Each structure stands twice: as C-alpha cells, then as structure tokens.
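The values are calculated or read from the model by the stated rules, or taken from the named source; none is laboratory data. Values in this document were obtained by computation on a predicted structure and should not be read as measured data. Ligands, DNA and RNA are excluded from the accessible area calculation, which covers all protein heavy atoms including side chains. Shrake-Rupley method; radii C 1.70, N 1.55, O 1.52, S 1.80 Å.
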Amino acid sequence: MFEQHYGNTAIYHPNQDQAAQLVQLPPNNAASYRVANGTYSIIKALEQKLDTNTIACNQIVQSIKLLPDGLEAKTKDVTYHCKHIVSTLPPLLFSKSITTEPALPIAIQDLLEHTHTWMHNSIRIGFTYKTPFWKAERSSGTIYSSGDIIQEFYDHSNTDESTFALSGFINASFSKYTKEERKNTALKQLQSYYGKQALDFESYAECVWENEKHTTVSSDSFLMPQTNNGHPLFQDSYLDNKLFIAGAETSPTFSGKMEGAISSAQFVFNKLKAIYK
C-alpha cells in the first residue's frame, strides 16, 4: 500500500458564479491508502493461491435452495451443491435477482430491498498525462466543485511515478450523456483550472456504475445514501445457518467502502472457521 497524495492545497470551485480558488487543506489525521498496481492485484494474488478452476466466472446464480445436507445454487445451466454460501452481492441486487427456498424471513427480505448500494449511481472518470503538472506551485491535483461536472478529483499517479493521472467522480446526472460528451465537458472544466496543458492527455477512462448489471439494479423507491448499511441483521446467518450475506454494505464499520468489505470478509471467515473446526 501507499498513501494517497492530496497535497496541502485544493482547487475549490463553489459554483458557476464564483471563480475557482486555491484553498489550504486542513491536516489529515486519517490517511487514505491505495494499492500498488491497483486493487485488482489483490484478486490476482488470492487467485494464485487457489487450485486451478476453483473460480467459475460468468455464472449468474438465480436461486438458492435449502437441502438436508447443504444448499443448492442454480445458474442458467449449472447446479452447484454447497455446504455454505456467502453472498457478497449488493443486498438490493440479491433481493432483485435471487430467489430462495424456503423464502428468507420477512425482516431480512425487507432489509435487502431497502439497503442503499454505495456506488450504484456514481460515475468515475480519469485522465492520464505525461507529466503531473498539477503538482506545480500554486496548483493542486485535489479538486472540489459544486458547480460543474467534476465534483471530486485527485492525483491518481502510480507508486513508481511512471504513469501520472487525475481521477475522481463527476455529477451523476451525466449518466445520460455519451462518453465523448462526459470527456469533453470534464476537459473544459480542467482547462479552466490548468490551462491548455489539461487538453494534452494520453488516455481517458470511465465507469458509469448504473450500467454495471452485476453491481446495481433499479430500485422501486429512492434510498438515501447508506440507508441500512451495516444493519445488525446482516450479521446473522440464514437458511439453517448455511447462507451468509456479506459485502461492503453489510459491514457496521466503513460501510460501502473497501475497508468495510474487508471487515465483512473477516467477520464471515471467523464464523465459518468456528463451524469447520
């Protein structure tokens, strides 16, 4: 891991009627960290410790059934027999896409349906550059804006400084725009802060989470951010103590974030460890 670089200042742009200004950042007592080579490297490292063919991709579970000796999970074309199942799907997605037999208790059904998915309507974008020009004096790679497409932006260069990048989140209403429109609108904002050098980017990438079918699903009702995240019912097990509902949104600590996902994994691991002793 390495510490996320914020710098001592930030570009603050309150609204379209006021010019952006460079402000002093207060001391950060709780450092944020990133993973060298990206968080996907964690998955790859774990995968290498598993037997070949342990992980089955592209298998969308549609139903889970309680049997006398375990659980049966069915996809479109494969049936799995399991001693235990740990779901790390966002709770709302589980509610909308998987049926259980017998049905789960009404309380947990209602909770699954009314739990906010942390990033479900967020949009993240990023630009790479040849040089980190935002680290110049009287500038910053940390941006906070309420009046334009980019709302939060940060230095996202890699740890060995071979790739320099700015990345962050844009206004969710731009999900209806095209990728090209989002890119050009964001560049216009960056140009207003950094000048023409902001236009000389090497690559552009984005993730519109509402388009990720295995992350988000439309809800019948509006959910306030972090609604029911970390609810005590997520700490229980279901279907004769064989089904565990885990994941970032279920963790009572750092709900929705990567730290919450890790805490949830550790919690369920300890429960399973006690069972298999």
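Just a few scattered comments:
- Helix 179-194 and the long axis of the chain differ in direction by around 40°, with both axes built from C-alpha atoms.
- Overall, the accessible surface of the chain at a probe of 1.4 angstrom is composed of carbon and sulfur to the extent of 51 percent.
- For the range 210-277, the Cα-based Rg and Dmax, in that order, read 13.5, 43 Å.
- Hydrodynamic radius by Kirkwood, which averages 1/r over all alpha carbon pairs of the range 137-189, in angstrom: 12.2 Å
- Counting 0.36 nm for each residue step from Leu233 to Lys277 and taking away their Cα separation leaves a gain of 13.4 nm.
- Seen from a random direction on average, the alpha-carbon convex hull of the range 101-247 projects onto 12.0 square nanometres.
- With the alpha-carbon atoms of the range 183-239 aligned to their principal axes, the span from lowest to highest coordinate is 58, 23, 21 Å, starting with the largest.
- Put simply, the C-alpha atoms of the range 53-116 give a gyration tensor, and the ellipsoid matching it has half-axes of 21, 15, 10 Å, longest first.
- Over the range 1-75, the Kirkwood radius and the radius of gyration, each from Cα atoms, give a ratio Rg/Rh of 1.29.
- Å² per residue, accessible surface of the chain at 1.4 Å: 60 Å²
- A Cα-only calculation for the chain places Rg and Dmax at 21.8, 68 Å.
- Computed from Cα atoms, the angle from the helix 258-276 axis to the main principal axis of the chain rounds to 20 degrees.
- For the range 13-171, pairs of C-alpha atoms spaced more than 21 angstrom apart make up 67 percent of the total.
- Within straight-line cross-link reach of Lys130, aspartates and glutamates at Cα separation under 16 Å, skipping those fewer than 8 residues along the same chain: Asp155, Asp160, Glu161, Asp200, Glu202
- A simple rule links phi to the HN-Hα coupling: the Karplus curve 6.51 cos²θ - 1.76 cosθ + 1.60 with θ = phi - 60°, which for the range 23-32 gives 10, 7, 8, x, x, 9, 7, 10, 5, 9 Hz, with x for Gly and Pro.
- Remark on the range 40-83: ratio of C-alpha radius of gyration to 2.2 N^0.38 Å is 1.43.
- Total lysine pairs whose alpha carbons fall under 16 Å of each other in the range 139-277 (8 or more apart, or interchain): 6
- Cα centroid separation - the range 1-40 against the range 209-241, whole Å: 29 Å
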